[in-house]
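Working notes, structure below.
The values are calculated or read from the model by the stated rules, or taken from the named source; none is laboratory data. Everything numeric here is computed off the predicted structure, so don't read it as measured data. Neighbour counts are summed over all protein chains in view; Cβ atoms, including those assigned to glycine, are modelled from backbone coordinates with ideal geometry.
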Amino acid sequence: MKTINWKNAIIAGVLGTVLFDLVGLLITGNWWDIPGILGTKTGLGLAYGVVGHYSNGVLLAILFAGLEPSLMGPKWLRPILFVTAEMVALVWLFMLPLLGAGVAGIEMSPMMPVITFVRHLAYAVPLIFLISYNTKQVLATA
């Protein structure tokens, strides 16, 4: 039986979100743009946005850790496939249209699909290196 290494999954989620934000800063010149949007749209402020953003990063890493053995491809490709699928389904087809930016954010900027993809690839890097499993022997009882 394989179990999630919870500590590594949480660390990977936090580090991945930091990398996501750093790449966002490098590309857009804005730090914590996503937490700012979350805080503004909910009316709960930047602190809520930061907690929500980083919690989301941790939860996605934990979800990936649980799904990783079922994904195809080599270990380095699995996080890339996961974040790409998550980005298309949850960001391009749900979040950005909900924010009025259109599918993949194209109405906000023709570069938005590229920007979101590069940011999510940065998020995947710690998942590649930190997500691993502890194998436990399960004893069959008769």
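Just checking, how many residues over the stretch 107-133 are more than 13 Å from the chain's Cα centre (by Cα) and under 16 Å from residue 80 (Cα atoms)?
Adding up the residues that qualify gives 7.
Rundown of residues vs (1) surrounded by fewer than 16 Cβ atoms within 10 Å (Cβ to Cβ); (2) under 15 Å from the mean Cα position of the chain (by Cα), yes/no style:
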site: 4; (1), (2): no, no
site: 13; (1), (2): no, yes
site: 40; (1), (2): yes, no
site: 44; (1), (2): yes, no
site: 47; (1), (2): yes, no
site: 52; (1), (2): no, yes
site: 55; (1), (2): yes, yes
site: 58; (1), (2): no, yes
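Could you tell me whether the stretch 50-62 includes any residue that is modelled with pLDDT of 95 or more, touching a Lys or Arg at 6+ places or on another chain (Cβ under 9 Å) and in a helix (DSSP H, G or I)? Lay out the reasoning, then the answer.
First, pick out the residues of the stretch 50-62 that are modelled with pLDDT of 95 or more: 50-62.
Within this subset, residues satisfying the condition of being touching a Lys or Arg at 6+ places or on another chain (Cβ under 9 Å) are none.
No, the stretch 50-62 contains no residue that is modelled with pLDDT of 95 or more, touching a Lys or Arg at 6+ places or on another chain (Cβ under 9 Å) and in a helix (DSSP H, G or I).
Which condition breaks for residue 36 when tested against (1) in contact with a Leu (Cβ under 7 Å, 6 or more places away or on another chain); (2) closer than 24 Å to residue 131 by Cβ?
Against the list (1) in contact with a Leu (Cβ under 7 Å, 6 or more places away or on another chain); (2) closer than 24 Å to residue 131 by Cβ, residue 36 comes up short only on (2).
If I filter the stretch 82-101 for residues that are part of a loop (DSSP other than H, G, I, E, B), among the aliphatic types (A, V, I, L, M), more than 16 Å from the chain's Cα centre (by Cα) and surrounded by fewer than 16 Cβ atoms within 10 Å (Cβ to Cβ), do I get at least one hit?
yes
Could you list, ordered by first residue, the pairs with Cβ atoms under 7 Å in which the first is in the stretch 28-50 and within 23 Å of residue 118 (Cβ to Cβ) and without any contact (Cβ under 8 Å) to a residue 12 or more places away in the chain and the second is charged (D, E, K, R) and surrounded by 14 or more Cβ atoms within 10 Å (Cβ to Cβ), at least 6 apart or interchain?
31/21
Identify, please: which residue in the stretch 68-81 is in a helix (DSSP H, G or I) and hydrophobic (A, V, I, L, M, F, W, C) and is, among those, farthest from the chain's Cα centre (by Cα)? Give the derivation first.
We begin by selecting, within the stretch 68-81, every residue in a helix (DSSP H, G or I); these are 68-70, 77-81.
Subsequent filtering for residues that are hydrophobic (A, V, I, L, M, F, W, C) retains 77, 80-81.
Numbers: 77: 15, 80: 10, 81: 12 Å.
Here the answer is 77.
Yes or no: the stretch 104-111 includes at least one residue that is in a helix (DSSP H, G or I) and either in contact (Cβ under 8 Å) with a residue 24 or more places away in the chain or surrounded by fewer than 14 Cβ atoms within 10 Å (Cβ to Cβ) (or both).
No, the stretch 104-111 contains no residue that is in a helix (DSSP H, G or I) and either in contact (Cβ under 8 Å) with a residue 24 or more places away in the chain or surrounded by fewer than 14 Cβ atoms within 10 Å (Cβ to Cβ) (or both).
Take residue 115 and tell me if it is in contact with a helix residue (DSSP H, G or I) (Cβ under 6 Å, 6 or more places away or on another chain) and within 19 Å of residue 4 (Cα to Cα).
Considered against the rule, which asks whether it is in contact with a helix residue (DSSP H, G or I) (Cβ under 6 Å, 6 or more places away or on another chain) and within 19 Å of residue 4 (Cα to Cα), residue 115 comes out as no.
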